[in-house]
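The values are calculated or read from the model by the stated rules, or taken from the named source; none is laboratory data. What you are looking at is a predicted structure, and each value in this text was computed from that prediction instead of being measured. No Cβ is skipped: glycine too gets one built from the backbone with ideal geometry, and neighbour counts run over all protein chains shown.
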Amino acid sequence: MTRAALLVLADGRFPAGGHAHSGGAEEAVKAGRITDAASLEAFCRGRLHTAGLVSAALACAAAAGADPAELDSAADARTPSPALRLTARKLGRQLVRAARAA
C-alpha cells in the first residue's frame, strides 16, 4: 500500500478533522437547500460530481509529480469560495503535520 493510500485511510483517525468537514452542508441547511434525506442525498451527489471530481483530478496530478505551485493555483481557480480555500489549506496542513509526526 502506498503512503498516500495510508494517509487517506488514516485521515479520519488523525486529529486534523478532515473527516468531520461537511463541505458546506451546514450552510446549505441554514439556507434551506437541505431539508430532508432526499435533498441531503442530492447535495452529497452534487459535491461528489463537482468538488469530488476536482479533488480527484488534483490528487492524480500531484501523484504524477505536477508542480505544487501550479496545483495550488489550479485548486484556487476551481474553488471560488475563499472560506473553502482557507479550510482546505488548513486541513491539508494539519494532515501533513500529523503524517510527519506519525
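Annotations for the structure displayed:
- Every residue from segment 69-80 that is outside any loop (DSSP other than H, G, I, E, B) and under 11 Å from the mean Cα position of the chain (by Cα): A75
- Being of a type in the set (S, T, N, Q) and touching a residue at least 40 places away in the same chain (Cβ under 8 Å) is a description that applies to T87.
- Looking at A99, A66, A57, A83, just one residue is assigned to a helix (DSSP H, G or I) and at pLDDT 85 or above, and that residue is A57.
- Hits in segment 15-54 (condition: in contact with a helix residue (DSSP H, G or I) (Cβ under 6 Å, 6 or more places away or on another chain) and modelled with pLDDT under 85): A16, G18, H19, G23
- Test: residue in segment 34-47 that is within 23 Å of S22 (Cβ to Cβ), assigned to a helix (DSSP H, G or I) and among the acidic types (D, E): yes
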